[in-house]
Amino acid sequence: MKKTILSLLKKGGPVSGETLAGQLGVSRTAVWKSVKRLRDEGYGIESSPRRGYTLVSVPDRLLVEEIYDGLATCVLGREMLVFGELPSTQDYAKHLAQNGCPEGTTVIAERQTCGRGRLGRKWESPPGGLYFSIVLRPPLSLLEATRIPLVAGVVLARALEQYAAVQPRLKWPNDILIAGRKAAGILSEMSAEMELLHWVVLGIGINIDAKPSDFPKEIGSIATSLRPGESDAVDRVRLFQDILFQLEDSLARFQVEGFEPFLMLWTEMNDTLGRDVRIADGREMIEGRALEIDADGALVLECRDGSKRRVTTGEVFFNE
Ligand code: BTN
C-alpha cells in the first residue's frame, strides 16, 4: 500500500486522504499510517486539512523503490541488493558471481568499511558517495573483456558531465579526474579459464560530496568529489540509474561494434596522452611520453631512447 500511495503522490499535486483511501479500498486511517511510515523513511510529505497530501521531497538515500522507479535497463540492476553498510560491494558481488547469480546483478551500499581500489589499495567510502559492483557475463574472450573498464570509464565520465555539470577527464586506465584530482574509479575483476570468460565484476566508486578534509591526509591532495561539501546537489539515485542504463547500452554496442568507437570517445576525454609519465606496474617504474591507447586498451609509451613500450597495467604519475 505504501508503494502505491508513493506512486500516486509522485504524479503530483495534493491528493486527499479520501481519494487515496477510495483508490486503494482502505480506510483513511490506513492511509494516514502509510503516510507516516513514508515520512519516517525520510519522504517529505506535507498535508493540509482541505487539500490533502503533497510529496515535497524524497530522501537522499539509496532506497530500492526509488532505484527501481525510473530504472530503464533490461539486465543491469534487475537483480539488485541494496545495503546500508558492507565491507565491500566488490567482494559481495564476486561471491554472488562465483555462485552463479544472473548477469546484471548489482550490489550497492551507502558506505563500505573495507572498500578496495586497484592495485591492492583502499577505497575510502564514506556515506554520501556511490559504491556499487555489477556482475557481467558477456560473451567475450578474456582479451576483449579487458577493454570493459575503459568502456565503463567513458560511460562514467559522460554521466558525471551531465549530472554534476563538471568536466571530467579520463586518466589511463580508468580514473575519473576533475580538475586534475581523482573523483571516481573503476575496479574490474574477472574469472576465466583459458580464453573462456566466466564473469566480470565491475566495481565503481564515486566521491560525491566529500570535502577535502573527509579524505585521509595521504590522499587529500589527489582526491576530490563532484561537489565538495555540497550535499543535495547531485541526485545520486538518478545518476546511478543513468550509469546503469548507459553502461548497458554501451556494453551492447561494444559487443557489436567493437572497441574502436569507445577508444575515440576515450581519447577525446583523456588527460593522459601527450604527457610525460611514470608508470609503476608493480615491478618497475617505466618512464616515457604517453602516445596512444592501442586497440587492446594498453597504453603505448615512447621511451627516452625512442623505443616504444606497451603497458597493460599500472599507476600513472604525471611528470610535469
Ligand atoms: C580505483 O580507482 O582504484 C578503483 C576504485 C573502485 C572502488 C569501488 S567502490 C565499489 C566497489 N567496491 C569496492 O570495494 N571497490 C569498488
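Values as computed for the structure displayed
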| item | result |
| --- | --- |
| Estimated FRET transfer efficiency (L143, Q98; beta-carbon r; R0 25 Å; 0.05) | 0.70 |
| Relative contact order of the chain, defined on C-alpha pairs under 8 angstrom at six or more residues apart (%) | 13 percent |
| Residues T4, T113, sorted so that the one with the fewest Cβ neighbours within 10 Å comes first | T113, T4 |
| Space enclosed by the convex hull of the alpha-carbon atoms of the chain, per residue, Å³ | 150 Å³ |
| Isotropically averaged projected area of the range 74-116, using the convex hull of Cα atoms (one quarter of hull area), nm² | 2.8 nm² |
| Gaussian network model of the chain, springs between alpha carbon atoms under 10 Å - residue of E144, E195, E302 with greatest fluctuation | E195 |
| Cα Rg, Dmax (largest Cα-Cα span) when computed across the range 134-175, Å | 12.2, 36 |
| Partner lysines for K36 [C-alpha distance under 25 Å; skip if fewer than 8 residues away on the same chain] | K2, K3, K10, K11 |
| Net lengthening on full extension, A179/A30 (0.36 nm per residue, minus Cα-Cα) | 48.5 nm |
| The range 190-231 versus the range 263-288: alpha-carbon centroid distance in Å | 19 Å |
| Fewest-first ranking of M1, M80, M194, using other Cβ atoms within 10 Å as the exposure measure | M194, M1, M80 |
| Residues L251, L156, sorted so that the one with the fewest Cβ neighbours within 10 Å comes first | L251, L156 |
| Three semi-axes of the equivalent ellipsoid, the range 70-222, Cα gyration tensor, whole Å, largest first | 25, 17, 15 |
| Estimated FRET transfer efficiency (L8, S48; beta-carbon r; R0 22 Å; 0.05) | 0.85 |
| Theoretical FRET efficiency, 1/(1+(r/R0)^6), r = Cβ-Cβ of A280 and D40, R0 56 Å, to 0.05 | 0.70 |
| Most fluctuating residue given options Q98, Q23, Q246, as computed from a GNM of the chain linking Cα atoms under 10 Å | Q23 |
| The range 186-303, Cα convex hull volume normalised per residue, Å³ | 169 Å³ |
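Bear in mind these aren't lab numbers, they're just calculated from the coordinates by the rules spelled out. Predicted model, so just to flag it, every value in this text is computed and none were measured. As a convention, Cβ positions derive from the backbone with ideal geometry for all residues, glycine included, and neighbour counts pool all protein chains shown.
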